[in-house]
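Single-structure report; data block below.
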Amino acid sequence: MEIQKILVTSKLHHKLKTLIESFDIPKEFRFLPEDQVSKEDYEWADTFVGFRPTPNFEFGNIKWVHSLAAGVDSFMKLDWNKDLLLTRTIDVFGPKMSQYCLSYILQDAQLHEQFSNLQRERKWEFHIPKSLEEQKVVIYGTGEIGGYIGKTLSSLGMKVYGVSMSGEQKPYFEKVVTLHNAHTILDQTDWVIGVLPSTNETQSIINESTFMNLNGAGFINVGRGATVSDVDLLNALQSGNVRKAILDVFSIEPLPTSSELWEMPNVTITPHISAVTLPIDGVKCFVDTLSKLENGEAVKNKVVIDKGY
C-alpha cells in the first residue's frame, strides 16, 4: 500500500506531531484538533490517524484508518467498504492489563484487606494466604490481550481457561470453549476476567447464565462495560454468586453517581485506567504498521470489520 498524505487528529495533536516528527517519516502530514478538520482535509488525505472519528468524519480519499486506541467501537459506526483498511494499536495493552488483573488477584490471595483490618484492631491472628497454584481462572476473550493475561497467570501456576467466539484452542489455556459452551468450564472457578470487545454479538453476553454457574468467584472486567449485564451483575453480587468485583469499564462512562455499585463493599471501581493509551504507544504502533504496509508485510493489528475487532 502506498501512503503519502496522513491526517492526524486529536486533542493531543501537538504532542502527536512532536512524536511522529521524531521518526523522520518522509510523508506529508496534517495535525489538527478534532473540531477543526474540514471536508477538504478528508479529500486531501489518504490516511486517517486518531483515537476516534471526528464529528464530521467522511472517508473522502482515505484508504487506511489507524486507531491510536485498542478499542474501535466508535469506528464501527462508520459505513465501511471492503477496500478500506482499519488497524488498531496493540501490544502495549496486554502487559498493562495483566498487571492490573494480577494486582487484584494477589491482593485477594494474600489477604491484604483482612490483615489491614486486623492491624487497625491491633489483633494478631494467623490466617494462611491462598496459593495461586490452587486457583482457576476463566478469561472471556482470548485474543491479543486475553492471551497475554492468560500467559501471565498460567506462568504463576494458575489454571487458565478461555471463552471466545470461535472456541479455538490457544497457548497457555488449559481449554478454550465457545460462548455457547462457557457453562461447561465455569464450575469451581475462582476468578472470571472479561476482556471482550463490544460488538453486536457480545452485548450483555456475560449475564445471569454466566453468574448462576459461579459459587463465590471474583469477577474482573477490563474489556468493555457493554459486554456485561449490569442488572445481572448486581444480583450476583447480592446473592454471593460473585464474591467481589473489580470493575474498570462500564456501559455508561463516567459511571453515574446514582449507580448502586459505588456503595457496594464488595466492589472496586477504577475509572477505565487498566491500560491507558499513551501517545507514544499509539505512535509507535502506527509507525510500525505503516512500515509493514509499505513493505507488503502482514499486519497483525488489522480489524475485521464484520467482527468489530
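Just a few scattered comments:
- The combined condition, being more than 23 Å from Val242 (Cα to Cα), assigned to a loop (DSSP other than H, G, I, E, B), touching a residue at least 24 places away in the same chain (Cβ under 8 Å) and hydrophobic (A, V, I, L, M, F, W, C), is not fulfilled by Ile145.
- Residue in segment 1-14 that is surrounded by the fewest Cβ atoms within 10 Å (Cβ to Cβ), counting only those that are in a loop (DSSP other than H, G, I, E, B) and under 25 Å from the mean Cα position of the chain (by Cα): Lys11
- Of the residues Asn56, Asn61, the single one that is farther than 18 Å from Ile305 by Cβ, of a type in the set (S, T, N, Q) and in contact with a strand residue (DSSP E or B) (Cβ under 9 Å, 6 or more places away or on another chain) is Asn61.
- Taking the conditions (1) closer than 25 Å to Glu201 by Cα; (2) modelled with pLDDT under 95; (3) of a type in the set (A, V, I, L, M) in turn, Leu278 satisfies each one other than (1).
- Failed item in (1) touching a Ser or Thr at 6+ places or on another chain (Cβ under 8 Å); (2) in a loop (DSSP other than H, G, I, E, B); (3) within 25 Å of Ala226 (Cβ to Cβ); (4) of a type outside the set (Asp, Glu), with Ile62 passing the rest: (3)
- Pair list, Cβ < 6 Å and 6+ apart or interchain, from segment 100-127 residues that are part of a helix (DSSP H, G or I) to residues that are of a type outside the set (A, V, I, L, M): Tyr100/Ser274; Ala109/Pro129; Ala109/Lys130; Leu118/Glu125
- Subset tally (residues that are touching a helix residue (DSSP H, G or I) at 6+ places or on another chain (Cβ under 6 Å) and open to solvent by 20 Å² or more (accessible area, probe 1.4 Å)) for segment 281-309: 1
- Taken over segment 261-309, residues that are polar (S, T, N, Q) and over 27 Å from Thr18 (Cα atoms) amount to 3.
- Flag for Lys17 being under 14 Å from Leu290 (Cβ atoms), in contact with a strand residue (DSSP E or B) (Cβ under 6 Å, 6 or more places away or on another chain), open to solvent by 20 Å² or more (accessible area, probe 1.4 Å) and of a type in the set (Lys, Arg): no
- Just one of the numbered conditions (1) open to solvent by 60 Å² or more (accessible area, probe 1.4 Å); (2) within 30 Å of Pro256 (Cβ to Cβ); (3) modelled with pLDDT of 95 or more; (4) not in a helix (DSSP H, G or I) is not true of Glu168: (2).
- Qualifying residue in segment 265-273 (condition: open to solvent by less than 50 Å² (accessible area, probe 1.4 Å) and in a loop (DSSP other than H, G, I, E, B)): yes
- Residue that is surrounded by the fewest Cβ atoms within 10 Å (Cβ to Cβ) [pool: residues in segment 39-50 that are aromatic (Phe, Trp, Tyr) and farther than 25 Å from Ser198 by Cα]: Trp44
- Filter result (open to solvent by less than 50 Å² (accessible area, probe 1.4 Å) and at positive phi) within segment 51-99: Gly60
- Residues being under 19 Å from Gly194 (Cβ atoms) and of a type in the set (Ser, Thr, Tyr) - total across segment 81-109: 4
- Breaking point among (1) more than 26 Å from Lys292 (Cα to Cα); (2) open to solvent by 60 Å² or more (accessible area, probe 1.4 Å); (3) out of contact with any Ser or Thr (no Cβ under 9 Å at 6 or more places or on another chain), for Leu111: (2)
- Single residue of Gly240, Gly223, Gly162, Gly194 found to be of a type in the set (Gly, Ala, Ser) and either without any contact (Cβ under 8 Å) to a residue 12 or more places away in the chain or touching a Leu at 6+ places or on another chain (Cβ under 6 Å) (or both): Gly223
- Subset of segment 218-255 [open to solvent by 50 Å² or more (accessible area, probe 1.4 Å) and outside any helix (DSSP H, G or I)]: Arg224, Arg243, Ser251, Ile252, Glu253, Pro254
The values are calculated or read from the model by the stated rules, or taken from the named source; none is laboratory data. Keep in mind it's a predicted model, so treat the numbers as computed, not measured. Positions of Cβ are generated from backbone atoms using ideal geometry, with glycine treated the same way; all protein chains shown enter the neighbour counts. With ligands, DNA and RNA removed, areas are computed over all heavy atoms of the protein, side chains included. Shrake-Rupley method; radii C 1.70, N 1.55, O 1.52, S 1.80 Å.
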